[in-house]
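Notes follow the structure.
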Amino acid sequence: MKTHEVENQVPPLADVNLYGGDAALREAVAGAGGAWGTDDLEAFGQLVGSAEMQEHARLANENRPTLQVFDRLGHRINAVEFHPSYHALMATSMGHGLHSQPWTDERQGAMAVRAAKSFLMTQVEAGHGCPITMTFASVPALKHQPDLAEIWLPRVTATEYDPRNLPADQKTACTVGMAMTEKQGGSDVRANTTRAHVQDDGTFRLVGHKWFCSAPMCDIFLTLAYETDDQLSCFLVPRWTPDGQPNAMNLQRLKDKIGDRSNASSEIEYDQAWAVRVGEAGRGVRTIIEMVQHTRIDCIVASSGIMRHGLSQAIHHADHRAVFGKRLLEQPLMQNVLADLALEVEAATALAFRLVRAFQAGATDEHAASFARIGTAVAKYYVCKRAPQVVYEAMECLGGNGYVEEHVMARLYRQAPLNSIWEGSGNVICLDVLRAMGREPEAMAALREELVAASGTDPRYDAFLAGLEVEFRDVATLESRALRLVERLALALQASILLREDGGAIAEAFVASRLVERHGTYGTLPTGAPVELLIERAHPLRS
Ligand SMILES: Cc1cc2nc3c(=O)[nH]c(=O)nc-3n(C[C@H](O)[C@H](O)[C@H](O)COP(=O)(O)OP(=O)(O)OC[C@H]3O[C@@H](n4cnc5c(N)ncnc54)[C@H](O)[C@@H]3O)c2cc1C
């Protein structure tokens, strides 16, 4: 520069080990039985924390996917073209089993190791995580139909990413999408109008549309359609028909989204698309909900990862940037903000991996499955809802440098609200919690047991739980109070886990700042809160 030296600017946070630098994550993984995966996770943390992966993430988002409806000669091809960096991200995720590990690795804790990889990968690039998570989540739903599972599970769990638009039997691995939402309704899938017409051979032809179909280059899609006026069923729609013809699933256009830009979300039309049913006739919601339940746990893990990323950027910035003659990290008010954010991330991470543990155990233990069922809804609501606030506050820690497109914060900020909107928007999830309470007494009992397990550890926690019990008494007004109730259930759940697993200063700070006093902004931890401990544990280069 001719006129001045460039000073007091913060170097990029790159070439760091995202796993090695995350004490809360390492503890959560160990608690969920994944300690045996440490070497793998350290290596993965180093890989995805590299400047090279960050560059792939930037390029995959700045060069948005484009729709190629027709080829040069006018044939309909229904293809989406991605930047090579998108493919590099997909190949990395699939190569490390983010879409499949718990289904192929029988070790107890595989679900936790895989969730940790998702948590880490989200911090690099979240958009490509959509087809990865849908592929992962499709497996329990596909198992409803053993003949289809036999054909598709080996392809869906294979790890050699293959982006070619070819019939599945010519590919090294296949990915799975999900198409439920229609123009007239997404939350209320019973309002679907797509029809499935049965053929003489027992297969179906689908006629209708879907308003959101992310990752339309997947090889197969699970979708909902009515086969009679009152039988909404789940169907598998392959990109190519069994006789090797392109299926009549026509891409109409790609969504122009505010974020999640690397991920091609599309509108599609089924024009006599070939399909086979998955599961029983009329049980479509029941079948696809298995998939939704697994995408919801991924939303919780991913939102925790998004918050963790914002926090890392904020701490890194504060560690380098001096204001009024002192580094921000040394200034008491900034310490309070960072520590408060770190506490949010600690609690979100602990809750996410507690649920991952319940998912694992739920395969053989009904009680754990019941807890996973209701706990996932509670956490999906609360953790995903917190992410935009956390990211915004982290952005403000960077001052004006956080509010420019060149910084990754812009991408993070646009991505942050999505997990709350899809896979059950906030209100819908809270109503789902009420529904589970009403119809599934075993789920409520499992949740209560989890909460009561921490009783007696802190009188303020006991008082909070007692207050919560009272709030459930007035059944007539439950619906209008659902957000408040589920938020309080989530806070109690987080406190219960921290009190039992940490039991020290972090749990104490959580109870004091979330259950007793509660403020609308971050940086409001009470005097005496362990700010240094929280920041030190969260420091991406030191923890
Ligand atoms: C980027 C992106 C990608 C997506 N990808 C896919 C995909 O691949 N496949 C797919 O099937 N869908 C996908 N979706 C769609 C998504 O799942 C839906 O948008 C979501 O389920 C909400 O449905 P809706 O948009 O129709 O909103 P609506 O159902 O109209 O809901 C609007 C609002 O009303 C609230 N609400 C609904 N019912 C009630 C009630 N009874 N009481 C109070 N409030 C209520 C909801 O919480 C929401 O806030 C995607 C969405 C986005 C944004």
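Side notes on the structure shown:
- Arg357 among the charged types (D, E, K, R), within 22 Å of Ala445 (Cβ to Cβ), assigned to a helix (DSSP H, G or I) and open to solvent by less than 30 Å² (accessible area, probe 1.4 Å): no
- Of Ala173, Ala225, Ala168, all but one fail to be within 15 Å of the ligand (Cβ to nearest atom) and either under 29 Å from the mean Cα position of the chain (by Cα) or surrounded by fewer than 19 Cβ atoms within 10 Å (Cβ to Cβ) (or both); the exception is Ala225.
- For Asp432, the criteria (1) open to solvent by less than 40 Å² (accessible area, probe 1.4 Å); (2) within 14 Å of the ligand (Cβ to nearest atom); (3) closer than 24 Å to Ala342 by Cβ hold in every case but one, which is (3).
- Scanning the stretch 183-203 for residues that are in a strand (DSSP E or B) and either within 8 Å of the ligand (Cβ to nearest atom) or surrounded by fewer than 17 Cβ atoms within 10 Å (Cβ to Cβ) (or both) yields Gly185, Arg195, His197, Val198.
- Identity of the residue in the stretch 232-255, polar (S, T, N, Q) and in contact with a strand residue (DSSP E or B) (Cβ under 8 Å, 6 or more places away or on another chain), that ends up farthest from the ligand (Cβ to nearest atom): Thr241
- Selection of the stretch 204-218 for residues being assigned to a strand (DSSP E or B), open to solvent by 10 Å² or more (accessible area, probe 1.4 Å) and either farther than 15 Å from Asp271 by Cβ or within 11 Å of the ligand (Cβ to nearest atom) (or both) yields Trp211, Phe212, Ser214.
- The residues of the stretch 502-539 that are among the small types (Gly, Ala, Ser) and under 28 Å from the mean Cα position of the chain (by Cα), listed by number, are Gly503, Ala507, Ala509, Ser513, Gly520, Gly523, Ala538.
- Residue identified as of a type outside the set (Ser, Thr, Tyr) and either surrounded by 15 or more Cβ atoms within 10 Å (Cβ to Cβ) or in contact with a helix residue (DSSP H, G or I) (Cβ under 6 Å, 6 or more places away or on another chain) (or both) among Gly426, Gly456, Gly438: Gly426
- Qualifying residue in the stretch 11-26 (condition: of a type outside the set (Gly, Ala, Ser), part of a helix (DSSP H, G or I), at pLDDT 95 or above and more than 27 Å from Arg414 (Cβ to Cβ)): yes
- Total residues in the stretch 401-417, condition within 15 Å of the ligand (Cβ to nearest atom), in a loop (DSSP other than H, G, I, E, B) and open to solvent by 40 Å² or more (accessible area, probe 1.4 Å): 1
- Residue match in the stretch 161-180 (condition: more than 22 Å from Pro246 (Cα to Cα) and modelled with pLDDT of 95 or more): no
- Cβ pairs under 6 Å, 6+ apart, first in the stretch 256-269 and within 10 Å of the ligand (Cβ to nearest atom), second hydroxyl-bearing (Ser, Thr, Tyr) and in a strand (DSSP E or B): Asn263/Ser214; Ser265/Ser214
- Looking only at the stretch 1-46, and only at residues there that are within 23 Å of Cys397 (Cβ to Cβ) and among the β-branched types (Val, Ile, Thr), the one that is least open to solvent (accessible area, probe 1.4 Å): Val16
- Helices (runs of 4 or more DSSP H) completely within the stretch 418-537 that count 1 or more residues being of a type in the set (S, T, N, Q) and touching a Cys at 6+ places or on another chain (Cβ under 7 Å): 418-421
The values are calculated or read from the model by the stated rules, or taken from the named source; none is laboratory data. The structure displayed is predicted, hence computed values, not measured ones. Note: ideal-geometry Cβ built from the backbone for every residue, glycine included; neighbour counts use all protein chains shown. The accessibility values were calculated without ligands, DNA or RNA, using every heavy atom of the protein model including side chains. Shrake-Rupley method; radii C 1.70, N 1.55, O 1.52, S 1.80 Å.
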